[in-house]
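The values are calculated or read from the model by the stated rules, or taken from the named source; none is laboratory data. Remember, predicted model here, so these are calculated numbers, not experimental data. Cβ: placed from backbone, ideal geometry, glycine included. Neighbour counts: every protein chain shown.
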């Protein structure tokens, strides 16, 4: 019989949901994150619902919906994919209710006590006694180290001073104890009905993903269901799943060491991004040039062996060094940082995957990454810009795939690009002919203009600092708003000149604001204060006007400089 996936949905009141299930928070889940804000909202919602229905029959007929939970079974336990925060918080609330009922020592409340106990703990089949050492919720989440605190609270409550509380479990449990005391003081006759309201009139929609399929398939199915439902919980990252596989494949001290390593990564890095860098390194190494797939199918389905044997962590360490190491950053040359600055400005960030693969290749082969870095970056800049200017940016990914697979196959980078053909080609349509120059002059997007201005500046001024400001702005030398008696131009011609690249420079935002729509002679003192060398040189010009011929001459200068760069490095 073929393995089969099944999904069952069931509306359950809290009594049935908690008493008929034994829950596990899996290793890949994040730690318990709800704080007093969320608990306060839950408490206010429940009490408002209770008071609105008078705690009577109306609340049973029109129950309060707490949301959906997504679970999948492993043996006799239900692993929570979505709903960890709400389930844990409900357990803390019911434990606080149980503790208060015990203090009342009212024999008439035994049935209520027994019902709450059945939600919290296993019940002995012979004696009917609860076993507080066997709670219905256990957390295996490896992101935190407070799990024992939850078990202690569910078993014994809290006997420490508030100042000693160190976890959300303790703070939230104490919060519910205080709210229950206040509620009882204000409504001494309805506390027991409030407990009944929580048990019978608050409901969840339980979505269970089971069947005869494997544990991994059930988990994957549950994750798909969760993402489709788009519930109020935080979505699981792909790396949460990877973490679970790596952790489960280790034992003893290896697990402890892995937890420390992972927590350090979480604090210092974007782990999802490191895995994406690793994916491209592996694609490069394996000669994969096909369309990129998502992280989860790539690692969880296609390369799970790397997670299980732990070798992925060495790949992660390499990419962490590449992306986050201050030592690596400081060893990159000034010239390299200039071309990084240009690449960061571009729409496509795929250059990072080529650079990361090049770093990993050099590490693997014992080569000097820094020695050839400038040329790699210049070639990447050239190809990316030629394809972007000529409106072929959709093909940039393929250039990267070609480049990094060829590196691992032959030891040299081959983009297999048509950049030289693009530079020389003429595209004919029914209306007109288009050359690379035509596309260049029409390149008006803000990001592309910034990238071209930055590249021109670094080519003209190799000594230009790359850390002048975080976000330089585009300054129009000839103002966008001008008086017709200043220069005799028709509107169409004027707009084309004003927006041409020869009329634009990079400038710090405060200086750009001050320069505003002033004319050239008034702008020169502002340019002189800039840390951009090109602006400083403009300030030194003896002329008092910046006229159409100046714009045309500078446009030609920039085009020729960039075209020569593309001819040399887009190879």
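Residues of the stretch 416-440 being in contact (Cβ under 8 Å) with a residue 60 or more places away in the chain and under 22 Å from residue 287 (Cβ atoms), which ones? Reasoning before the result, please.
Within the stretch 416-440, the first condition is being in contact (Cβ under 8 Å) with a residue 60 or more places away in the chain, and the residues that meet it are 417, 419-420, 423, 436-437, 440.
Within the stretch 416-440, 417 is the sole residue that qualifies.
Given the condition over 26 Å from residue 357 (Cα atoms) and either exposed (fewer than 15 other Cβ atoms within 10 Å of the Cβ) or assigned by TED's automatic domain parsing to the domain that holds residue 555 (or both), answer yes or no: does some residue in the stretch 414-421 qualify?
Checking the stretch 414-421: at least one residue is over 26 Å from residue 357 (Cα atoms) and either exposed (fewer than 15 other Cβ atoms within 10 Å of the Cβ) or assigned by TED's automatic domain parsing to the domain that holds residue 555 (or both).
Can you pull out every residue in the stretch 512-549 that is closer than 30 Å to residue 384 by Cβ and either assigned by TED's automatic domain parsing to the domain that holds residue 383 or part of a helix (DSSP H, G or I) (or both)?
512, 527, 533, 534, 535, 536, 537, 538
How many of the residues making up the stretch 106-120 are part of a loop (DSSP other than H, G, I, E, B) and in contact (Cβ under 8 Å) with a residue 12 or more places away in the chain?
Applying the first criterion (part of a loop (DSSP other than H, G, I, E, B)) to the stretch 106-120 yields 106.
Now restrict to residues that are in contact (Cβ under 8 Å) with a residue 12 or more places away in the chain: none.
Total satisfying the criteria: 0.
Taking the stated definitions as given, is residue 314 at negative phi, part of a helix (DSSP H, G or I) and either exposed (fewer than 13 other Cβ atoms within 10 Å of the Cβ) or at pLDDT below 95 (or both)?
Judged against the criteria, residue 314 is a match.
Residues of the stretch 329-339 being part of a helix (DSSP H, G or I), touching a residue at least 40 places away in the same chain (Cβ under 8 Å) and surrounded by fewer than 18 Cβ atoms within 10 Å (Cβ to Cβ), which ones?
334, 335, 337
So residue 7 fits all but one of (1) in a helix (DSSP H, G or I); (2) touching a residue at least 60 places away in the same chain (Cβ under 8 Å); what number is the exception?
Checking residue 7 against (1) in a helix (DSSP H, G or I); (2) touching a residue at least 60 places away in the same chain (Cβ under 8 Å), the one that fails is (1).
Looking only at the stretch 190-219, count how many residues are touching a strand residue (DSSP E or B) at 6+ places or on another chain (Cβ under 9 Å), more than 27 Å from residue 118 (Cα to Cα) and either surrounded by fewer than 17 Cβ atoms within 10 Å (Cβ to Cβ) or at pLDDT below 75 (or both).
4
Among (1) surrounded by 16 or more Cβ atoms within 10 Å (Cβ to Cβ); (2) free of Cβ contacts under 8 Å to residues at least 24 places away in the same chain, where does residue 357 come up short?
For residue 357, the failing item is (2).
Residues are listed down the side, and each one gets a yes or a no for (1) assigned to a loop (DSSP other than H, G, I, E, B); (2) touching a helix residue (DSSP H, G or I) at 6+ places or on another chain (Cβ under 8 Å); (3) not assigned by TED's automatic domain parsing to the domain that holds residue 128:
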{"site": "21", "(1), (2), (3)": "yes, no, no"}
{"site": "27", "(1), (2), (3)": "yes, yes, no"}
{"site": "34", "(1), (2), (3)": "yes, yes, no"}
{"site": "38", "(1), (2), (3)": "no, yes, no"}
{"site": "49", "(1), (2), (3)": "no, yes, no"}
{"site": "65", "(1), (2), (3)": "no, no, no"}
{"site": "72", "(1), (2), (3)": "no, yes, no"}
{"site": "78", "(1), (2), (3)": "no, no, no"}
{"site": "90", "(1), (2), (3)": "no, yes, no"}
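Go through (1) assigned to a helix (DSSP H, G or I); (2) closer than 21 Å to residue 38 by Cα and name the single condition residue 103 misses.
Every listed condition holds for residue 103 apart from (2).
Residue under question is residue 181, and the condition is that it be out of contact with any helix residue (DSSP H, G or I) (no Cβ under 6 Å at 6 or more places or on another chain) and within 16 Å of residue 92 (Cβ to Cβ); does it hold?
Criteria met by residue 181.
Just to be sure before I move on: is residue 364 over 28 Å from residue 434 (Cα atoms), free of Cβ contacts under 8 Å to residues at least 12 places away in the same chain and assigned to a helix (DSSP H, G or I) in the structure I sent?
Considered against the rule, which asks whether it is over 28 Å from residue 434 (Cα atoms), free of Cβ contacts under 8 Å to residues at least 12 places away in the same chain and assigned to a helix (DSSP H, G or I), residue 364 comes out as yes.
One line per residue, one yes/no per condition, for (1) out of contact with any helix residue (DSSP H, G or I) (no Cβ under 9 Å at 6 or more places or on another chain); (2) without any contact (Cβ under 8 Å) to a residue 60 or more places away in the chain; (3) within 23 Å of residue 472 (Cβ to Cβ); (4) exposed (fewer than 14 other Cβ atoms within 10 Å of the Cβ):
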position: 534; (1), (2), (3), (4): no, no, yes, no
position: 539; (1), (2), (3), (4): no, yes, yes, no
position: 544; (1), (2), (3), (4): no, yes, no, yes
position: 549; (1), (2), (3), (4): yes, yes, no, yes
position: 555; (1), (2), (3), (4): no, no, yes, no
position: 558; (1), (2), (3), (4): no, no, yes, no
position: 562; (1), (2), (3), (4): no, no, yes, no
position: 566; (1), (2), (3), (4): no, no, yes, no
position: 569; (1), (2), (3), (4): no, no, no, no
